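A quick write-up on the structure given underneath.
The values are calculated or read from the model by the stated rules, or taken from the named source; none is laboratory data. Everything numeric in this text was worked out from a predicted model, so none of it was measured. Reconstructed Cβ throughout: ideal geometry from the backbone, glycine too, with neighbour counts over all protein chains shown.
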Amino acid sequence: MGTKKETLKKKIAVANKTIPADVVIKNAKIIDVFNLSIIEGDVAMTDGMFVGIGEYEGREVIDAKGRYMSPSFIDAHVHIESSMVPPSEFAKVVMPHGVTTVITDPHEIGNVAGEKGIQFMLDDSEGIPLDVFIMLPSCVPATPFEHSGATLSASDLKPFYEHERVLGLAEVMDYPSLQKGDDHIVDKIIATTPSSPHMDGHLAGLDSNAINVYRAAGIRTDHECTTVSEALERLQRGMYVLIREGSVAKDLASLIGVVNERNARRCLFCTDDKHLDDLIEEGSIDHCIRLAIAEGLDPLLAISMASLNAAECYGLLQKGAIAPGFEADFIFLDDLETLDISEVYKAGRQVAFHGHWVGGEIKKQQPSRTLTSTVKIPDITEQDLMIPIGPSHSAHMIEIIPNQLSTIKRTDTMQVDGGNFIPSTTEDQLKMVVVERHKLTGHIGLGIVKGFRLKEGAIATTIAHDSHNIVASGTNDADILKAISELEGMNGGLVMVKDGKVLSSLPLPIGGLMFDGSYKDVAAGLQQLKRGFGELGFRGDFNPFLTLSFLTLPVIPELKLTDMGLFDVKEARHIEVAVVE
């Protein structure tokens with residue numbers, strides 16, 4: 001490839017049919033996302049770009065054999081860390097599902113390691129086939145009601161805006177600070193707008209006036225809608241609605257009814273947080289499209305939401321369509337109902353074939369010791385886990401809503417021994433513990449949770465949104481302590497314990513969030529953990545580890561647990577576990 005001038009002249013010459021294209025696709029049913037129609041013709045590509053549709057000759061010819069040719073897909077909001085692998089491995093998982101571009105917010109590792117964590121994600125995604133664009137974490141820590149491993153100010157974030165793949169400011173989830181116009185969040189917004197104007201919102205459980213506040217601040221998106229009425233309010237006030245289908249938050253079925261041909265250009269798809277096993281088994285944005293089609297949405301409209309709409313929302317003006325002047329990122333589909341993806345191409349080069357990665361080796365970034373030694377906790381005893389309960393035996397409790405991020409604040413009668421809470425598998429009341437693991441503060445939050453359905457043992461993980469302290473839940477203190485100790489020894493991950501013995505574990509040494517080897521090893525480890533749930537007596541239809549990891553998120557109603565204690569999200573304050581009479 002020559003200079004920009006030479007490259008441009010070459011593209012013009014190919015478009016004008018003066019010289020042959022590098023590659024020409026013939027016999028394809030081309031999906032036109034601008035008009036929601038199917039067109040026919042040869043598609044000419046040069047230097048990784050589409051340059052013409054019509055009749056063309058090329059040095060290489062690919063026969064589509066009557067298949068549909070679609071623009072590839074864009075995940076509009078994803079935390080790569082939630083897949084438990086870094087970007088270089090993540091690419092091998094999502095690209096066979098037709099996703100060639102992601103907009104990611106590295107606030108998971110940002111909360112653990114600050115600027116070094118963000119830089120690792122930029123470095124590991126440099127030069128890989130997957131296009132990884134970064135939205136900088138706006139809330140590290142997410143709230144002042146917990147302790148994370150880092151604090152990121154506007155001045156800390158500002159240097160990153162010089163990077164060509166940094167698009168703007170990620171989900172602003174600290175609504176109380178935004179509402180009050182606190183300097184720390186206003187400064188971040190002001191630092192964002194000159195060079196990277198895109199800003200994401202986070203309006204979970206908020207009223208319509210909050211939309212006004214977010215829009216007045218220049219924030220244009222929300223991925224926290226759960227009802228059609230919420231989505232419509234956001235659309236009415238000029239926001240983009242990101243319809244989410246992740247591993248825990250599955251909102252597509254309840255939201256897709258808001259989409260019609262009049263407003264669809266403001267609607268797009270995202271996964272937000274999705275575990276590796278779900279990405280492998282279900283897919284990514286392709287899964288969103290299939291669900292939307294099953295709910296009655298026009299397949300071409302769903303595809304345009306997954307491609308052109310996402311590109312336009314984030315200013316990626318050369319992505320999202322099969323047309324001259326757009327990047328040659330595309331897929332071949334056997335049909336528009338099952339969305340069976342036979343081949344995936346990035347910049348005109350094949351990277352996946354019938355669900356398998358064929359893009360070759362991808363260079364990985366070696367994490368520094370700072371990122372692989374992030375679990376630091378003091379000695380903890382059973383005495384540290386005692387939860388005093390008053391004479392009435394009544395206590396506040398977190399009740400799980402399966403497959404949702406929200407919880408129920410519940411008051412109930414507890415089993416008590418010596419004035420302290422005793423877990424009850426009969427009543428499905430288990431102990432929950434959050435241990436600060438970044439700076440040896442000794443903070444331990446204690447609570448009671450209902451809905452886990454464990455009959456024996458304990459589970460624990462360092463994936464605890466968003467500050468990612470250690471979170472554990474179990475039927476007895478001994479197993480909880482064993483699980484916490486095991487996490488310290490393996491520098492983070494997931495662990496399952498029964499009768500003092502480790503049943504299964506998955507080490508995640510990069511920030512306590514990601515594995516440092518092949519995604520296939522992570523997938524095998526997750527399957528082993530799933531099998532282990534049976535030994536704990538679990539018979540539910542949700543993933544207990546995923547659910548546990550979001551019970552620490554103090555920006556999603558109603559009741560959560562941080563390292564500082566039980567937190568009432570609606571009242572924005574910590575409360576006692578025991579009901580004070």
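For this structure, a couple of remarks:
- Some residue of the range 326-346 being surrounded by fewer than 22 Cβ atoms within 10 Å (Cβ to Cβ), at positive phi and not β-branched (Val, Ile, Thr): no
- The condition of being touching a residue at least 24 places away in the same chain (Cβ under 8 Å) and more than 30 Å from residue 114 (Cα to Cα) holds for only one of 340, 286, that being 286.
- Among the residues of the range 554-568, those that are touching a strand residue (DSSP E or B) at 6+ places or on another chain (Cβ under 6 Å) and buried (at least 20 other Cβ atoms within 10 Å of the Cβ) comprise 554, 559, 560, 561, 562, 563, 566, 567.
- Of all the numbered requirements in (1) in contact with a helix residue (DSSP H, G or I) (Cβ under 6 Å, 6 or more places away or on another chain); (2) within 22 Å of residue 330 (Cβ to Cβ), residue 118 misses one, and that requirement is (2).
Okay, residues lined up against (1) in contact (Cβ under 8 Å) with a residue 12 or more places away in the chain; (2) of a type in the set (Lys, Arg); (3) buried (at least 22 other Cβ atoms within 10 Å of the Cβ):
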site	(1), (2), (3)
37	yes, no, no
41	yes, no, no
46	yes, no, yes
53	yes, no, no
67	yes, yes, no
75	yes, no, yes
78	yes, no, yes
82	yes, no, yes
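Residues checked against (1) surrounded by fewer than 18 Cβ atoms within 10 Å (Cβ to Cβ); (2) among the small types (Gly, Ala, Ser); (3) assigned to a helix (DSSP H, G or I); (4) touching a strand residue (DSSP E or B) at 6+ places or on another chain (Cβ under 8 Å):
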site	(1), (2), (3), (4)
186	yes, no, yes, no
190	yes, no, yes, no
205	yes, yes, no, no
229	yes, yes, yes, no
234	no, no, yes, yes
260	yes, no, no, no
265	yes, no, yes, no
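- Subset of the range 284-304 (residues that are farther than 24 Å from residue 83 by Cα and either at pLDDT below 95 or not in a helix (DSSP H, G or I) (or both)): 295, 296, 297, 298
- Qualifying residue in the range 448-470 (condition: under 17 Å from residue 399 (Cα atoms) and aromatic (Phe, Trp, Tyr)): yes
- The listed residues are 112, 93, and the only one of them that is under 15 Å from the mean Cα position of the chain (by Cα) and not basic (Lys, Arg) turns out to be 93.
- The residues of the range 305-338 that are in a strand (DSSP E or B) and under 24 Å from the mean Cα position of the chain (by Cα), listed by number, are 330, 331.
- Candidates 173, 135: the one that is touching a Cys at 6+ places or on another chain (Cβ under 7 Å), buried (at least 24 other Cβ atoms within 10 Å of the Cβ) and in contact (Cβ under 8 Å) with a residue 40 or more places away in the chain is 173.
- In the range 516-536, the count of residues that are in contact with a Gly (Cβ under 9 Å, 6 or more places away or on another chain), at pLDDT 95 or above, outside the structural domain of residue 95 (by TED's automatic domain parsing) and over 30 Å from residue 410 (Cα atoms) is one or more.
- Unmet criterion (only one of (1) closer than 30 Å to residue 302 by Cα; (2) acidic (Asp, Glu); (3) touching a Pro at 6+ places or on another chain (Cβ under 9 Å)) for residue 124: (1)
- From 376, 431, 409, residue being surrounded by fewer than 17 Cβ atoms within 10 Å (Cβ to Cβ), in contact (Cβ under 8 Å) with a residue 12 or more places away in the chain and of a type in the set (Lys, Arg): 376
- Test: residue 133 is aromatic (Phe, Trp, Tyr) and either in a strand (DSSP E or B) or in contact with a Lys or Arg (Cβ under 6 Å, 6 or more places away or on another chain) (or both): yes
- Pick from the range 267-283, criterion without any contact (Cβ under 8 Å) to a residue 60 or more places away in the chain and not in a helix (DSSP H, G or I), ranking: surrounded by the fewest Cβ atoms within 10 Å (Cβ to Cβ): 282
- Positions within the range 84-130 being hydroxyl-bearing (Ser, Thr, Tyr) and either buried (at least 24 other Cβ atoms within 10 Å of the Cβ) or over 17 Å from residue 357 (Cα atoms) (or both), in sequence order: 100, 101, 104, 125
- Just so you know, in the range 104-150 the residues that are β-branched (Val, Ile, Thr) and modelled with pLDDT under 95 include one that is farthest from residue 559 (Cα to Cα), and it is 140.
- Counted residues, the range 505-554 - those being free of Cβ contacts under 8 Å to residues at least 60 places away in the same chain, small (Gly, Ala, Ser) and in a helix (DSSP H, G or I): 4
- Residues in the range 204-246 that are among the aliphatic types (A, V, I, L, M) and at pLDDT below 95: 204, 206.
- Filter result for the condition that a residue is closer than 26 Å to residue 363 by Cβ and aliphatic (A, V, I, L, M), over 19, 25, 80: 80
- Test set (1) buried (at least 19 other Cβ atoms within 10 Å of the Cβ); (2) hydrophobic (A, V, I, L, M, F, W, C); (3) under 30 Å from residue 13 (Cα atoms) - residue 317 fails condition number: (1)
- Any hit, the range 383-399, residues being within 30 Å of residue 88 (Cβ to Cβ) and either in the same structural domain as residue 122 (by TED's automatic domain parsing) or at pLDDT below 95 (or both): no
- The single condition among (1) more than 18 Å from residue 327 (Cα to Cα); (2) among the hydrophobic types (A, V, I, L, M, F, W, C); (3) in contact (Cβ under 8 Å) with a residue 24 or more places away in the chain that residue 62 does not meet is (1).
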